[in-house]
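Read-outs throughout are calculated quantities, based only on the coordinates presented, and are distinct from any laboratory measurement. Just so it is clear, the structure is predicted and the values come from calculations on it, not from any experiment. Here the Cβ is made from the backbone with ideal geometry for all residues, glycine too, and neighbour counts use every protein chain on show.
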Amino acid sequence: MPHTRAHGGQSLKSVLADLVVQTMQEYTGRGATRARTIIDQDVIMVILEDTLTKGERVLVERQREDEVLRIRRTFQDAMRDDLCRAVEALVGRRVEAFMSTNHTQPDYAIEIFVLGELLVPDAGPSDA
C-alpha cells in the first residue's frame, strides 16, 4: 500500500487521521487536537492526543477513570462499522480486525486496523 497516495491533495496518512478525528467528533462531540497515522504493511495505527471531553476530564480528576474508559469503549464499539467501512474505501482492502483503546493520563487513544485481502469491485452481471 503506498504511504504517499494523495487524496484531494492530502497524504493517505493525513486523510486517515482526519477520518478518525472527525468520526470521533461526530460520536462524542469532540475530536482529538492531535493525530498521526502509522502504516506498516497490513496495519494502520492512528494515535490520537487530547481526546477527552471536559466532562470526562472532570470525571478522571475525581477518580472516576473506570467510568470514562467504559464510556469510551462503548463509543468505540459504536464507531467500529463506520470507521472500518471508511478505511476500506480509502485503502481498497478489507479490515480484518479493529482494535481501540484509551489512556486518560496522559490523554491518548489509539485505533488499530489490521488489513486483509484487496477488495474487488463488484463487476455486476456477466455477459456470458
- Query: For a paramagnetic label modelled at 7 Å from the Cα of residue 114 toward its Cβ, which residues of segment 60-96 fall within the zone defined by backbone nitrogen distances under 13 Å?
  - Reply: 95-96
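By how many nm would the segment from residue 14 to residue 99 lengthen if fully extended, with 0.36 nm per residue of separation less the alpha-carbon distance?
On the way: separation 85, 0.36 × 85 = 30.60 nm, distance 1.97 nm.
Value of the extension gain: 28.6 nm.
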- Task: Write down the Å³ per residue value for the convex hull defined by the alpha carbon atoms of the chain.
- Result: 120
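Order these by the 10 Å Cβ neighbour count, fewest first: 39, 71.
Ascending number of Cβ neighbours within 10 Å: 71, 39.
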